Every structure is written in C-alpha cells, then in structure tokens.
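J.: Have a look at this one.
What follows draws every value from the coordinates through simple rules; no lab data is involved. Quick caveat, the model's predicted, so the values are computed rather than measured. No Cβ is skipped: glycine too gets one built from the backbone with ideal geometry, and neighbour counts run over all protein chains shown.
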Amino acid sequence: MVPVGWYMALAAALFLIGALGMLLRRNALVMFMCIELMLNAVNLTLISAGRAMNDLNGQVAVFFILVVAAAEVVVGLAIIVAIFRRRATASVDELSELRG
Amino acid sequence: MGKRMVETVIFVVAAVAALAGAVTVVLARNPIYSAVGLLGTLFSVATLSVVQLAPLVAAVQVIVYAGAVMTLFLFVIMLIGVDKEETRVEPLPRQRMWVGILAGAVILFAAGAALSGEFVWVPAAATAIDQDATNGTIQAVAEPLFTDWVLAFEATALLLTIAAAGAVVLAQFKRKRA
C-alpha cells in the first residue's frame, strides 16, 4: 500500500495551493473556493491519519467538517450575493468602508 | 501486479488530477473554470477516500460537495456574472512582498524537514493497518457517530437549521431608500 506520508504530502500541497489562492485572488467567489480546497485537504489528512492509526474517528470528524463547510457555503454565498446586490461587485478590495 | 501496485497507480492518477484542479482554481481568470477545477479536486479526494477504505465519506463528499455545494457555487457565479475582469492593482505591494518571502521561507523549511527522511508524518501510526477496523462502512461509521459523537451530531442539526434561516434572512435584504 501507499505510505501514509504520500497522502499527507498531497494534502499539504492542496492546502498550500488553497492558502496561496486565498492570498492572491480578489474575487470573493474564488477566495471561497480556496477555502473549500483547504477544507478538503484537511479531510484527506483526517482520513489518511485515521487509517494509519487504525481509528475510525477520523472519518467521523470528516462528516462534521463537511456539515460545517456546507453551512459556511450557504451563509457565505448569501453574504456575497447580498453584497453584490448592494455594490455590484464581487471584489473584496472594493469593500473598504471600515477603513480607519 | 498486486494490490499495492493498483493503489499506487490510483494514488498517482488521483493526486495529479487533484493538484491540477487546485491549480486551476487559483489560476483561472474565469470563475466558472475555477469551479470546474474545484469539482475535479473534490472528485479526486473522493477517489482517494475510497482507496483508503472510506466509501461512505467518499459518497457523502460527492453528494454534498460535488452535488449541492458546487451547484450553489455555479448558481451564484451565473447570478453575479463572469464577465467582470478582476483588478490586478496591488493595494498593499510591500506587505504582500514580505508575506510572500515569509511564506516561501516556511514552505522551504517544511519541504526540507519532509525530505530529510527523519520526519514522521503520523507519529502514532500503527505498524500494520487492520483492514477490518478501519473499513468505513455505513455501519462502522454510524456506531461512533451515534454513541461517542451524538452531542456533536445534534449540534450539527442545529447549525444547519441556523445556516438555512440565516441564508433566508440575508436573501430578503431590501435596499433602504436614500
């Protein structure tokens, strides 16, 4: 079987790409997708570590992450749509009312 | 050509697909391409879950993520419009440069630690994987879910209700008259 380190390295790479996208992109939707990317990388680590440790609780934890991610997407996309209806933009740089 | 070989081939294919999808998410100019790239990554992670004896997680991943969440994403992309070009003007050039240098240093350190050979990915890993104990069938996953984790499970029900109600409230936003 494939060593668990390979899975962990893949998950780390996915998380890194997601974090970079979060820092580099300005489109709120794409930033949101990068969050999903990072959540998926964490799911992969939980499954891999759970298997390596002969423990099913890792898979249970993945379910809770999925639920939280679904709730987060629902509220986050609703906020993005509300912002768009008010400002006609999806760029996070345009939202600077709170600047001191 | 044994079991090990099969898992290696599947891992390589799924890993390449996952990384390609992730890079597409970040680099694509059109959010639709980003969404499709994310879909590829989600499917690849689901494949890797199946390989690692987590079929229920993989099924839920495809149904919830690739089904519901991605549909929602695509709806919002269509609603907001994809023809708007992203601004490439840097509002914080110096801060970004320093963050980039810091991130590069951290990445180099992590890669060096991983490649040195003395890094242990999972310190508490068992010497041999028990195929029966880690097989995530519906029964096997449901047992801890409804015993040890039942409080968290009930809390997720509450969380989903609150999220749905919050989305409805946000959708009813009305512009006040100036």
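J.: For the range B:45-82, which chymotrypsin sites (Phe, Trp or Tyr not before Pro) are both in a DSSP coil and crowded by at most 16 other Cβ atoms within 10 Å?
T.: Nothing satisfies the criteria.
J.: May I ask for the Kirkwood hydrodynamic radius of the range B:8-149, worked out over all distinct Cα pairs and given in angstroms to one decimal?
T.: For the range B:8-149, the Kirkwood estimate is 18.8 Å.
J.: How far apart, in nanometres, would the label points at B:V120 and B:Q95 be if each is projected 7 angstrom from Cα along the Cα-to-Cβ direction?
T.: It works out to 4.0 nm between the two label points.
J.: Give the angle, between 0 and 90 degrees and rounded to the nearest 10, that separates the Cα long axis of helix A:28-52 from the longest principal axis of the Cα atoms of chain A.
T.: 10
J.: Relative contact order of chain B: what whole-number percent is it, with Cα pairs under 8 angstrom and at least 6 residues apart?
T.: 17
J.: Once Rh is set to the Kirkwood radius over Cα pairs, what Stokes-Einstein translational diffusion coefficient, in µm²/s, holds for the protein assembly as shown at a temperature of 10 °C and a viscosity of 1.306 mPa s?
T.: 78
J.: Mind checking the dipole of the protein assembly as shown: about its Cα centre, +1 per Lys or Arg Cβ, -1 per Asp or Glu Cβ, Debye to the nearest 20?
T.: Magnitude of the dipole: close to 1320 debye.
J.: Additional query: Over chain A, what is the relative contact order in whole percent, taking alpha-carbon pairs under 8 Å and six or more residues apart?
T.: Result for chain A is 28 percent.
J.: Taking a temperature of 20 °C and a viscosity of 1.002 mPa s, what whole-number D in µm²/s does Stokes-Einstein yield for chain A with Rh from Kirkwood over alpha carbon pairs?
T.: Approximately 140 µm²/s, per Stokes-Einstein.
J.: Taking 7 Å along the Cα-to-C-beta vector as the label spot, tell me the B:A152-A:R86 distance in nanometres, rounded to one decimal.
T.: So the two model labels end up 3.5 nm from each other.
J.: Let me spell out the model: positive unit charges on the Cβ of Lys and Arg, negative unit charges on the Cβ of Asp and Glu, origin at the Cα centre of chain B. What dipole size does that give, in debye rounded to 20?
T.: 1060
J.: Using Cβ counts within 10 Å as a stand-in for footprinting exposure, how do B:T71, A:T45 rank, fewest first?
T.: Placing the least packed residue first, the sequence is B:T71, A:T45.
J.: If you don't mind, there's one more thing I want to ask. What FRET efficiency would be calculated for the residue pair B:N30, A:L98, taking the C-beta separation as r and a Förster radius of 25 Å, to the nearest 0.05?
T.: 0.25
J.: Let me ask something else. For the range A:8-57, just the Cα atoms, rotate onto the principal axes and tell me the three extents in Å, largest first.
T.: 41, 18, 9
J.: Then there is this: Out of B:A113, B:I80, B:I10, whose Cα points farthest toward the positive end of the dipole of chain B (charges: +1 Lys, Arg; -1 Asp, Glu; placed on Cβ)?
T.: Positive-end residue among those listed: B:I80.
J.: Now, a different point. Name the most mobile residue of B:I63, B:I101, B:I77, meaning the one with the largest mean-square fluctuation, in a Gaussian network model of chain B with Cα contacts below 10 Å.
T.: Between B:I63, B:I101, B:I77, it is B:I101 that shows the largest mean-square fluctuation.
J.: What is the distance, in nm, between label points placed 7 Å from the Cα along the Cα-to-Cβ direction at B:I107 and at B:T161?
T.: 4.5
J.: Moving on to the next point. Only helices at least 27 Å long along their axis, Cα-based, and averaging -1.0 or more on Kyte-Doolittle count here, so list those DSSP H runs from chain B.
T.: B:3-27, B:31-51, B:93-115, B:150-171
J.: In degrees from 0 to 90, rounded to the nearest 10, what is the angle of the helix A:4-24 Cα long axis to the longest principal axis of chain A?
T.: Long axis of A:4-24 versus the principal axis of chain A: about 10 degrees.
J.: Which residue, A:L39, A:L24, A:L66, has the most motion in a Gaussian network model of chain A that connects Cα atoms within less than 10 Å?
T.: Top of the fluctuation ranking is A:L24.
J.: Could you tell me which of A:M22, A:V62, A:N43 has its Cα farthest along the dipole of the range A:4-89 towards the positive end, charges placed at Cβ (Lys, Arg +1; Asp, Glu -1), taken about the Cα centre?
T.: Comparing the listed Cα positions along the dipole, A:M22 ranks first.
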